[in-house]
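Working notes, structure below.
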Amino acid sequence: MRRGEYLEEKKDIEISNTHVPDKLYGYGLQVRQMLYELLNCEIESTVSVEKFDDVGVENANGKEAIQTKSALSARNPVSDKATDLWKTLYNWLIALKVGELSMDNTLFTLVINVDKSGHIVSLINMARNSEESLTAYENIKNEFLDNEENYIQQSASINQYVETFISDENKQYALCIIEKFKLVVMDEGHTKKIYQEFKAKTYLPVDIQELVFDKILGWIDKKTALQIENNYPMQITKEEFQNEMILTQKWVNQNKCLVELAPNPTNTEIELQQREYKTYIRQLQLIELDYDDQIEAINDYLKAVANRTVWAVKGDVNEEIITQYYEDLKSRWKTKRNIVELDKDTWDEPKRGKYLYNMCVDEDVNMGILVTPRFFKNGCYHELADMEEIGWHPIYKNKLKEDEKDD
């Protein structure tokens, strides 16, 4: 990628047109919903993932069992005969029946990421007291019984769930769920809705809102991942969350740094750079850089390109800032090269080049007031080397031409 290309217009991606599996997206939904609950729960609360439900909130007053349902297409997860809906109701009922959840102090929330509804879920959602719950229950039951009150067989995917929910022996549990049920529709896009809630509840300065949001989401994801790896429940207390918010805000305010946001390069991407025999790699081979250091350089190059694109789209950097940064790097390279040629003139050429390279990559170079990750600075040096605007070997241009002739 050349300078300026990172400012290519961002293209909107329809999630329904990608190949992201429902399960992967569903886990992300849980992490974001966890953040939403941490923003809104009481101070003594603990928010969990996959402990007693997809997401759970518990404190001295009781529990809230939260099911999150994602739909990456036109599918309706709360239609009258949707498996998602009936499995959710069934799971809650069984949890009540076996005592995993209490009928006295449990709330039931279903969160969906699409603007969908249905007759049955609406009946449940509108019931606010025992009388309304009983009416809703009878209406739902009538949907699945014939005139002689025999169950009308449905699809195999929901038969067990529906029959269990409307059976007389489970009536008290069904009524409890209906009375304490709430449907939450994230119709504007789940992440967008969570971000809006984050801005409203945290009162952060506008210029750091998105950065703190990204950092906190990453912290939640990392913390819960470590917990499950160590066989601990995935849970975070409100107090832990508030402390992390304070630390993150202080860190951002102190550093004003560019934070790595793009995913790390894949092995395939690294191998492709090697197969293409990029000029910056040839430059490293001219100074006989170790193979492991070459791989690290490829990583830095790819990470710099990817993160620069993300930062540009987010408005963290622009073309003028990037251009000035490249000029600064070229100036620093030139000064160091002159020092090496004066001070190490008795060394052989590859050794002088390797010394110059290490001098450059070992120095931190910030982008004005923005603290810049070292991988980004190194990646930019490699991009300049790829364009032959700088080089490590004392006569790198001649050596590169000779290399091309040999090919």
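Each reported figure results from applying straightforward, stated rules to the coordinates on display, with no laboratory input. None of the values given here were measured: they were computed from a predicted structure. When we count neighbours, we look across all protein chains shown, and the Cβ atoms used for this are built from the backbone with ideal geometry, even at glycine.
Using a Gaussian network model of the chain whose springs link C-alpha atoms within less than 10 Å, name the residue from THR323, THR268, THR106 with the highest mean-square fluctuation. Largest GNM mean-square fluctuation: THR268. Our note on the geometry: Cα centres of segment 52-66 and segment 85-118, 11 Å apart. Close amide H partners of LYS182, meaning residues 5 or more places away or on another chain with modelled amide H under 5 Å apart, are PHE108, THR109, LEU110.
Charged side chains reduced to their Cβ positions (Lys and Arg at +1, Asp and Glu at -1) give segment 15-229 a dipole of some 680 debye around its Cα centre.
For the chain, give me the percentage of DSSP beta bridges that are antiparallel, rounded to the nearest 5 percent. Spell out each step's value before the answer.
On the way: 15 of 28 bridges.
Within the chain, antiparallel bridges account for around 55 percent of the total.
Separation of the alpha carbons by more than 29 angstrom is noted, of LYS51/LYS171; LYS314/LYS399; LYS250/LYS334; LYS116/LYS201; LYS222/LYS354, for LYS314/LYS399; LYS250/LYS334; LYS222/LYS354.
Positive end of the dipole of the chain (Cβ unit charges, origin at the Cα centre): among ASN105, GLN153, ALA136, the Cα lying farthest that way belongs to ASN105. Spin-label pair ASP403-THR323: with each label point 7 Å from Cα along the Cα-Cβ axis, the two points sit 2.9 nm from one another.
Rounded to two decimal places and with Rh computed the Kirkwood way over Cα pairs, what is Rg over Rh for segment 202-344?
On the way: Rg = 20.3 Å, Rh = 18.9 Å.
My calculation puts Rg/Rh at 1.07.
Size descriptors for segment 15-229 (Cα atoms only): Rg and Dmax, in that order, 18.4, 65 Å. Between the residues VAL305, LEU35, SER117, the greatest Cα displacement towards the positive end of the dipole of the chain, with unit charges on the Cβ of Lys, Arg, Asp and Glu, is found for VAL305.
Taking label points 7 Å from Cα along the Cα-to-Cβ direction, LYS51 and GLU132 give a separation of 3.0 nm.
For segment 104-110, backbone phi angles converted through the Karplus equation (6.51, -1.76, 1.60; θ = phi - 60°) give residue-by-residue couplings of 7, 9, 10, 9, 10, 10, 10 Hz, Gly and Pro being listed as x.
How much FRET efficiency would the formula 1/(1 + (r/R0)^6) give for LEU272 and GLU389, where r is the Cβ-Cβ distance and R0 is 25 Å, rounded to 0.05? Intermediate values should be presented prior to the final figure.
Values: r = 23 Å, r/R0 = 0.92.
Computed FRET efficiency for LEU272 and GLU389 comes out at 0.60.
Using a simple spin-label model with pseudo-atoms 7 Å out from Cα toward Cβ, TRP347 and GLU210 lie 4.2 nm apart.
What's the FRET efficiency of SER331 with ASN40 using the Cβ-Cβ distance as r and R₀ = 56 Å, to the nearest 0.05? The computed FRET efficiency comes out at 0.65.
Each of VAL365, ILE281, CYS380 was scored by the projection of its Cα onto the charge dipole of segment 267-406, and the greatest displacement toward the positive side belongs to VAL365; charges sit on the C-beta of Lys, Arg, Asp and Glu. Summing Cβ point charges (Lys, Arg +1; Asp, Glu -1) relative to the Cα centre of segment 236-354 gives a dipole of roughly 340 debye.
Among the trypsin sites (Lys or Arg not before Pro) in segment 318-407, those placed in a DSSP loop whose Cβ has at most 15 other Cβ atoms within 10 Å are LYS344. Loop sites here are GluC sites (Glu not before Pro) outside DSSP states H, G, I, E and B with no more than 10 other Cβ atoms within 10 Å. The longest part of the chain free of them is 150-407. In a reduced charge model with +1 at each Lys and Arg Cβ and -1 at each Asp and Glu Cβ, the chain shows a dipole moment near 760 debye about its Cα centre.
Here's how it looks for LYS69: its modeled amide H is under 5 Å from those of VAL111, ILE112, ASN113, which are all 5 or more places away or on a different chain.
Size descriptors for the chain: radius of gyration and Dmax over Cα atoms are 29.0, 103 Å.
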